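Take a look at the structure set out below.
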Amino acid sequence: MTDITLTIDGQTVTASEGATVLDAARAAGIAIPTVCHHEKLEPFGGCRLCVVEAEAGGRTSLAASCIFPVQQGLNVRTRTPQIEQVRKVLTEQLLAHAPESEVLLKLAEDYHANKDRFPREPSFCILCGLCVRYCAEVKQLNAVSFVDRGPTREISFDPEIANRECWECKECFPLCPTSALQAAYVLMKSLTAFSPSAHCAAATPAKQATA
Amino acid sequence: MTDTTKVQQIIDRHDAREGALIEILLDIQHEFHWLPSEALELVSDRLNVPMGRIRHTATFYKAFSLVPKGRHEINVCMGTACHVRGAQRVLEVIQNTTGLMPGETDAEMKYSLDTVNCIGCCALGPVIEIDKEQHGKLVPGKTAALLKRYE
Ligand code: SF4
Ligand code: FES
């Protein structure tokens, strides 16, 4: 593999081909915030908190560093007023969904985000996909997956697989940046407790719980 | 009951390729007018695709339905052109005549009502589609008469 030289925040950094800007930055000790990224999982690019300014061939663009591959001569800036602003607004939007999330509250502190800026839409899940991807990629069980799309997209446990596998595992619980995952699981459990063969009772998080 | 052989044939036609998941689901949808869960389990087994991913795909596209559809599928176009030409009133007539809200099917399985975003023949707006046949330039009165033609 050929080595690639790029600049991150004025520092010359070498990375191997195929690495992401995030990998390169972290290896050089430069911190970039992330929410949906996880070392054991394939890059996802869902939360955009890892946004950086990437300049190549005279063009500058905003890129999600966790999915942006390194290029020879790339000039990356991880902290500019514009980036801080983007991260601030992203955090504010996510907080509208999960106002209690510690991960997000920490980010709010770092980026001076106002947690009450947007009206609350407590779906609790911020669709980072960590649980879904961990279950599929690491455990290869696919007990939890996304359903629907757009504003109604949510996570859903497969009651049959969940009843068989999840009780022993629960490895996704600590990955969730909000409390939605555990809530969805507990709800699914309670819905299927008396009918273990219940087939279509797809558990949904907050919506049913608050209904 | 699902006709398992039919589903098997559809899967065979696409060589049970994982990459043909959407095409297979579309064919099943066309055959049965919905995606019965037995059919999806079969697809999951034969394509070696987890059920979770199939459900994700099936709930992502509007072309798929996870509940049985009525004998007549009504799609009311709510695209911009139809909207400004009075699609809302046409929809109201259909709702009142059938007693259905978009997304619903009546107990006799006669009609399924849905809204769609642009059928692609805006010049004919407002347009509705009944059983894949387009009816354009609708006005509330004409709509009620049109529905009477379906049994
Ligand atoms: S439940 Fe939690 S881990 Fe799963 S997608 Fe939602 S926020 Fe992410
Ligand atoms: S960490 Fe890059 S998009 Fe979430």
Can you name the number of the only condition in (1) of a type outside the set (Val, Ile, Thr); (2) within 14 Å of another protein chain (Cβ to nearest Cβ); (3) more than 16 Å from ligand 2 (Cβ to nearest atom); (4) touching a Phe, Trp or Tyr at 6+ places or on another chain (Cβ under 9 Å) that A:Gln85 fails? (2)
Among the residues of segment A:24-36, write down those that are outside any loop (DSSP other than H, G, I, E, B), free of Cβ contacts under 8 Å to residues at least 24 places away in the same chain and either within 16 Å of ligand 1 (Cβ to nearest atom) or not basic (Lys, Arg) (or both). A:Ala27
What helices (runs of 4 or more DSSP H), lying completely within segment A:124-211, carry at least 1 residues that are in contact with a Pro (Cβ under 8 Å, 6 or more places away or on another chain) and either at pLDDT 85 or above or among the acidic types (Asp, Glu) (or both)? A:130-133, A:159-169, A:180-192
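Considering only residues that are surrounded by 19 or more Cβ atoms within 10 Å (Cβ to Cβ) and not β-branched (Val, Ile, Thr), which ones fall in segment A:72-95?
A:Leu74, A:Arg87, A:Leu90, A:Glu92, A:Leu94, A:Leu95
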When segment A:119-131 is examined, which residues are found to be within 16 Å of ligand 2 (Cβ to nearest atom) and surrounded by fewer than 24 Cβ atoms within 10 Å (Cβ to Cβ)? A:Leu127, A:Gly129, A:Leu130
Could you list, ordered by first residue, the pairs with Cβ atoms under 7 Å in which the first is in segment B:73-100 and under 13 Å from B:His135 (Cβ atoms) and the second is modelled with pLDDT of 95 or more and loosely packed, with under 15 Cβ neighbours inside 10 Å, at least 6 apart or interchain? none
Yes or no: segment A:99-109 includes at least one residue that is at pLDDT 95 or above and assigned to a loop (DSSP other than H, G, I, E, B). no
Can you tell me which residue within segment B:3-55, out of those that are away from every other protein chain (no Cβ under 14 Å) and not in a helix (DSSP H, G or I), is surrounded by the fewest Cβ atoms within 10 Å (Cβ to Cβ)? B:Asp15
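Taking segment A:43-66 only, how many residues are near ligand 2 (Cβ under 10 Å from one of its atoms) and under 21 Å from A:Pro81 (Cβ atoms)? It would help to see each step written out before you state the result.
Filtering segment A:43-66 for residues near ligand 2 (Cβ under 10 Å from one of its atoms) gives A:43-52, A:63-66.
Right, trim to under 21 Å from A:Pro81 (Cβ atoms) and you get A:47-52, A:63-65.
Number satisfying all stated conditions: 9.
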Could you list, in sequence order, all residues of segment A:143-182 that are surrounded by fewer than 22 Cβ atoms within 10 Å (Cβ to Cβ), among the polar types (S, T, N, Q) and within 11 Å of another protein chain (Cβ to nearest Cβ)? A:Thr152
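The values are calculated or read from the model by the stated rules, or taken from the named source; none is laboratory data. Nothing here was measured: the structure is a model prediction, and the numbers come from that model. Using ideal geometry, Cβ is built from the backbone for each residue, glycine included, and neighbour counts are taken over all protein chains shown.
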